[in-house]
Each structure stands twice: as C-alpha cells, then as structure tokens.
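Here the structure is laid out as structure tokens; the discussion comes afterwards.
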Amino acid sequence: MANRLDEIVNGIQSFEGVQITQAFNLVDSVAKGEITLTVDNATLHFRAEVHPHYPFQYHDTETIRFINKELLPYNHVNVDGSICVHTLHSADLKTKLASDLNSLKEWVKKYYLANTADNHYEHIMVVPSGSGENQALWFTEVDHVFTPGEFGQFHYSLLATGFVKKQPTNTFLIQEFKTRNGLKPCSWNSYYKKSDKNVGIFLFLDAPPVTERRFVVKNWQELEPYLSQEFLKCLYDFRASALGAKAKYQEFKLILGYPISDTEIHWQSINILKDDFPTYPEKVGPGKYEGRCYDKPIDWMATKNCSPKYFFGRGALSPKITKGKILIIGVGAIGSILGTALVRGGATDIFLNDHDVKEPENVCRSEYQFNSGTVSKIYELQEKLMQISPFVEVNVSEEITDIIKRFRGHEQWQSALEDAFNRFDFIFDCTTDNDLAYIFSQLSLNAEVINLSITNHAKELVCVFKEDQYRWLMSIFNSLNNDVIDLYNPTGCWSPTFKAGYNDIAVLVHFALKQINNAIVNDKPLRNFYLATDYSNNFEIKLKEF
C-alpha cells in the first residue's frame with residue numbers, strides 16, 4: 001500500500017500546475033490529501049480522494065474525486081462539491097492520473113474561466129430520500145401548455161415493483177392531468193392505460209426549486225416560497241378529502257413541473273405520507289389563516305421523461321417505418337423476431353395475422369415464452385410487443401389468410417381486399433406460403449409488400465419486394481440448393497419444418513431489416529436480395545442483390 005501511495009503522490013506532483021498543499025495519507029484505504037491547480041491566472045484548491053479501485057471505475061463511477069464546495073454554482077459539479085471528470089480507461093495508474101488531472105484542468109478552462117453553458121440541458125440534482133427513496137415516476141409529454149402557478153389533480157398508476165440493491169422499488173406512470181381544458185393523457189398505449197389509477201396533485205412552476213442553480217431544495221420550508229396560498233389550500237383540502245380517515249391510500253404524489261426549454265417541461269415528484277403531512281394552517285388574524293410548511297425533509301422521488309424522443313433516442317428505424325402502418329402476416333420464427341425488432345426500433349402501428357397456436361417447440365427459436373402455455377401466437381405476441389414499447393398499438397386477426405384464399409377470384413372481394421391492404425404502408429409476408437405470395441402478386445396494391453423466407457438450416461434468407469414478387473421468389477428459390485430432405489420431423493403426424501435455432505434466424509432477420517431500412521433512409525430503390533451464410537472460414541453473411 002505504501003508503494004501505491006508513493007505512486008499516487010509522484011503522479012500528482014509530476015503534473016504541471018499542481019501543488020500538494022496537504023500531504024496524502026491513507027484513510028480506510030483511501031488516499032486523501034489537498035492540492036492546488038493553476039490554470040492560466042486562476043488557482044483553485046481541491047480536496048483529493050483516490051479510492052482503492054483506482055485506476056478502474058466502480059459501478060460506472062470514477063474512483064478519483066476533486067472536491068471544492070465553493071464551486072457549486074458552476075456547471076458539472078456534484079452536490080458534494082466534487083467535479084465531474086470522465087476520462088478514457090487506462091490500467092496504468094500514472095497514465096490515468098495524468099488523464100484525470102488533465103480533465104480537471106479542462107473543466108477549469110471551460111466551466112470556471114469561460115463559464116460555458118452546454119447545448120444540452122443538464123438536469124437539476126435530485127437525490128431520492130425518505131419514503132421516496134425506493135420509488136420512481138415515469139411520464140411522457142402531453143398536449144397541454146402549462147402556465148406558471150397552474151395546479152390541479154393528476155392520475156398515476158403502479159407500473160411494477162422490482163428490486164434495486166435487494167430493496168423493493170415501485171415504479172409509477174403518470175396517466176393524465178386534469179386541467180382547465182379537460183383531461184390531458186400521456187401517450188402510453190392501451191396496454192398501459194388500463195391500469196388502476198391513483199390521484200395526486202400537480203403544480204407548475206416558472207423555475208425549478210433549487211439552491212445554487214442546480215441542487216433541489218431538501219426541506220419543506222425551503223420549498224414554501226414556491227407555493228402560493230391558493231395551492232397550499234388546495235393541498236390541505238386534498239388531505240381532508242382524498243386522504244381522510246376512511247381513505248384507502250396512505251400516501252400520494254405531488255409533482256412539480258418547470259420548463260427546461262421553450263418547448264419542453266420536466267416533472268419532479270415528492271412522496272407525501274398521510275400521517276406525516278408537510279403543511280399546516282397558521283392563524284394570522286381574526287378568522288384568517290395562511291398555509292405554512294413544517295421544518296421537515298422532502299421525500300423526493302426519481303422521475304424520468306419517457307417520451308418517444310427519449311425512449312428511442314439512442315437509435316430508431318426510418319420515420320417511414322416507425323410512423324407507417326405495418327401488417328405482419330405469419331408470426332412464427334421470422335415474423336415474431338421481425339415484429340420485436342420493429343417495435344424496439346420505434347414502430348407504433350402494427351397488425352398481426354396468424355392462425356397458428358404457440359407450441360412448446362416454438363419457444364426455442366421465436367419470441368414466445370414457455371410460461372404462457374397454450375395460446376394463439378398473435379395474442380401472446382401482441383401483449384409482448386405492447387409491453388416492450390408503451391407507444392405501439394398492436395391489433396390482431398386470425399383470419400386474413402383464410403379470407404384471402406377462400407375468396408380469391410371473386411371480383412368484389414378482390415376489390416375489398418385491395419382496399420383493406422392499401423390501408424397499410426408495409427406488408428411483411430413471413431408465412432413462407434407460396435400460395436399467398438402468388439395471390440399477393442395478383443392484387444393491385446399501393447402498400448409495399450415484402451416477402452421474407454428462410455431456407456433449411458437457415459443457410460439463406462430471401463427478401464423479395466412487391467414488383468413481380470411471385471416470379472422472383474420462385475426464381476431465387478430455384479437457384480438455391482435448399483435441402484428439403486433433412487427437415488425437423490416431430491413426434492406425430494405433423495408437417496415437417498426447417499431446422500434452425502433462434503440465433504440462426506435472428507441474425508438473418510436483423511441483417512435483412514437493416515438492409516431494408518438503409519435503402520429507405522437513403523431513398524434508394526428496394527431491390528430483391530438474399531443473404532447467404534458461409535461457414536467455410538469464419539461465419540460470414542453475404543448479400544446478393546438483383
């Protein structure tokens with residue numbers, strides 16, 4: 001340990017502009033000392049801590065800290081006065097020290113000397129506490145312009161109870177606001193809107209309730225200046241009505257909104273216990289009372305804006321896909337994997353069709369669960385997709401393909417089918433049903449029809465688009481050496497099926513969707529193609545376009 005301490009001290013002393021003003025010592029395995037850093041004409045003092053994990057991170061957090069609480073008014077300073085430093089990995093202590101000290105130097109230049117404001121919004125610092133410590137509230141944007149001082153009721157639902165560090169943690173969803181213009185719902189899908197609703201109170205402020213610009217107030221008396229007498233009366237009356245002696249609720253949520261840009265607001269949530277209410281009426285004259293706040297800590301909760309721009313902010317498919325109406329016919333291995341990929345990519349309007357029932361053998365290579373038992377595939381996949389994304393609506397039918405085949409050749413039904421299919425922007429035929437491909441080729445459709453088929457052992461995936469689809473599909477498959485002998489034959493008189501596992505199929509489906517999306521994003525024509533796997537050297541996927 002002595003050698004490590006010497007290495008830390010030597011690394012700090014060797015950095016230009018740094019002086020050690022209090023010698024470093026080991027305190028419970030943490031190297032602690034004090035330094036000054038001179039940048040240009042500014043000299044700043046820091047307490048420095050180097051933790052035992054250094055130079056490695058701990059739980060994604062840097063294990064070196066430079067602390068000065070006088071710098072709290074500046075950007076990228078934590079509530080304890082530590083400066084946010086984030087540098088690249090290095091396993092060498094001396095190299096990592098130099099990198100971190102250089103990051104501190106750059107912070108001084110950018111945020112202390114230049115007082116730079118970042119383009120992206122930096123949220124205020126809120127640490128969940130008290131009864132709010134193991135609770136979180138998620139919300140989306142709503143179609144309403146809130147005005148400073150506006151308050152009223154909102155509805156929220158319990159989403160789930162999970163575990164964080166072995167502690168049960170409740171997550172709630174804001175469902176809707178009761179405003180002067182009526183109910184304003186969050187944009188969750190129908191699956192999440194059906195949950196039971198609780199009642200809370202909202203207040204919209206013109207600025208966040210903070211100290212030092214960025215740190216949320218911790219005490220109710222600190223919050224009192226932000227609360228009007230009208231609101232305090234509403235809050236107290238709510239206690240008497242909704243939280244009365246016979247009320248089933250022992251707590252409720254108060255949410256405070258404030259603008260973070262010209263077009264966006266954020267909500268912070270407080271958990272309030274019925275038996276530990278934070279406000280009271282104070283007599284200020286004959287028959288006159290004013291609301292006051294007790295000197296007690298605020299039970300802040302974690303909140304998260306889950307609006308689509310954040311939910312899919314790390315990557316989404318082309319808006320033509322995500323905003324389009326999508327029909328998936330056949331939700332076996334290919335169709336269920338495709339549906340999941342589309343929903344995770346931001347698709348918001350999907351219709352599923354299949355007549356098949358999920359069997360235990362389907363689980364190993366599709367997007368289905370064993371614990372759901374016997375169920376029509378479309379119903380299980382519908383629920384799963386709507387659970388994955390709170391913004392997708394999924395409708396289902398078991399009869400589309402039956403109707404298509406039964407009434408083929410009836411002129412009036414052909415017209416009706418064309419009208420029905422033309423309500424979609426994309427139709428993915430994942431049935432591997434050549435009959436259906438033939439019929440689709442006879443229809444006059446505006447929708448883009450995309451046929452995805454896979455060969456035995458997932459050696460190839462064939463993707464054929466609308467134009468002359470049936471002929472192209474037959475031609476490509478006839479050119480491939482598709483093994484129709486070594487099929488999977490389960491016990492009983494079942495139809496054999498191709499052999500391939502989840503990974504075999506998923507890698508090709510995702511590659512194909514990537515190819516389709518890339519063409520749409522770059523406004524290129526959709527060309528027929530197939531993907532061929534090659535195991536002769538390493539595993540490779542080769543694209544053949546027509």
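The values are calculated or read from the model by the stated rules, or taken from the named source; none is laboratory data. Nothing here was measured: the structure is a model prediction, and the numbers come from that model. Quick reminder, even Gly has a Cβ in these numbers, built from the backbone with ideal geometry, and neighbours come from all protein chains shown.
Is one or more of the residues making up the stretch 77-84 of a type outside the set (S, T, N, Q), at pLDDT below 95, exposed (fewer than 14 other Cβ atoms within 10 Å of the Cβ) and in a strand (DSSP E or B)? No, the stretch 77-84 contains no residue that is of a type outside the set (S, T, N, Q), at pLDDT below 95, exposed (fewer than 14 other Cβ atoms within 10 Å of the Cβ) and in a strand (DSSP E or B).
Before we move on, is residue 90 closer than 30 Å to residue 168 by Cα and either surrounded by 14 or more Cβ atoms within 10 Å (Cβ to Cβ) or in contact with a helix residue (DSSP H, G or I) (Cβ under 6 Å, 6 or more places away or on another chain) (or both)?
Taking the combined requirement at face value, the residue does not satisfy it.
Residue selection: residue 516 fails the criterion of being more than 23 Å from residue 466 (Cα to Cα) and modelled with pLDDT of 95 or more.
From the list 345, 332, the one residue that fits, being of a type outside the set (Asp, Glu) and farther than 30 Å from residue 172 by Cα, is 332.
For the stretch 446-481, filtering for residues that are surrounded by fewer than 17 Cβ atoms within 10 Å (Cβ to Cβ) and either in contact with an Asp or Glu (Cβ under 6 Å, 6 or more places away or on another chain) or at pLDDT below 90 (or both) leaves 3. Among the conditions (1) surrounded by fewer than 18 Cβ atoms within 10 Å (Cβ to Cβ); (2) at pLDDT 95 or above, the only one that residue 49 does not satisfy is (1).
You will find that of 421, 370, 428, 391, the residue that is under 26 Å from residue 510 (Cα atoms) and free of Cβ contacts under 8 Å to residues at least 12 places away in the same chain is 370 and no other. Strands (runs of 3 or more DSSP E) fully within the stretch 147-236 that include at least 2 residues being assigned by TED's automatic domain parsing to the domain that holds residue 306, within 24 Å of the chain's Cα centre (by Cα) and free of Cβ contacts under 8 Å to residues at least 12 places away in the same chain: 151-164. Inspection of the stretch 310-331 identifies no residue that is part of a strand (DSSP E or B), under 18 Å from the mean Cα position of the chain (by Cα) and surrounded by fewer than 18 Cβ atoms within 10 Å (Cβ to Cβ).
For the stretch 107-118, residues that are surrounded by 13 or more Cβ atoms within 10 Å (Cβ to Cβ) and free of Cβ contacts under 8 Å to residues at least 40 places away in the same chain total 3. Are any residues in the stretch 332-348 among the hydroxyl-bearing types (Ser, Thr, Tyr) and part of a helix (DSSP H, G or I), and if so, which ones? Scanning the stretch 332-348 gives 336, 340.
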